[in-house]
Amino acid sequence: MRTREEMEAEIRGLQQLLAATDYKALKHADGALTDEEYEPTRVQRAEYRKQINDLQAAIETLETTEGQVVDNE
């Protein structure tokens, strides 16, 4: 099982990957990229966000579990 710190580090890495593709999202919004040109980036960004959400949920579960262990002691 990964530690909270490992999951937070992975989230930061995924956020950096999202930030690195922001310019493509802006180009698409401005009409400088077609839907077809932007599609692979859109799919990848959606995957990054899903992974971030999954990791955040895992951290919340970990915190809840840790809280229950502390409460039961």
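Distance between the pseudo-spin-label points of Gln15 and Leu62 (7 Å out from Cα toward the beta carbon): 1.5 nm.
Each of Thr34, Thr41 has some number of other Cβ atoms within 10 Å of its Cβ, and from fewest to most they run Thr34, Thr41. Rounded to 0.05, the FRET efficiency of the Glu5 and Leu26 pair, given R0 = 35 Å and the Cβ-Cβ distance, is 0.60. The modelled label-to-label distance between Asp35 and Gln51, using points 7 Å beyond Cα along the C-beta direction, is 2.7 nm. Taking each DSSP H run with n ≥ 4 as -39500 (n - 2.57) and averaging over every residue of the chain yields -30000 deg cm²/dmol at 222 nm. Couplings 3J(HN,Hα) of the range 46-52, computed from phi: 4, 5, 4, 5, 4, 4, 4 Hz, in residue order, whole Hz [Karplus 6.51 cos²θ - 1.76 cosθ + 1.60, θ = phi - 60°; x for Gly and Pro].
Taking only Cα atoms, what is the 0 to 90° angle, nearest 10, from helix 4-20's long axis to the longest principal axis of the chain? It works out to around 10 degrees.
Between the labelled values (i) 68, 24, 8; (ii) 20, 13, 11; (iii) 36, 10, 8, the entry that holds semi-axes √(5λ) of the Cα gyration tensor in Å as derived from this structure is (iii).
Only the coordinates and a few stated rules stand behind these numbers; no lab work does. Keep in mind that what you see is a predicted model, and the values were worked out from it rather than measured. FYI the Cβ positions are ideal-geometry reconstructions off the backbone, even for glycines, and counts take in every protein chain you see.
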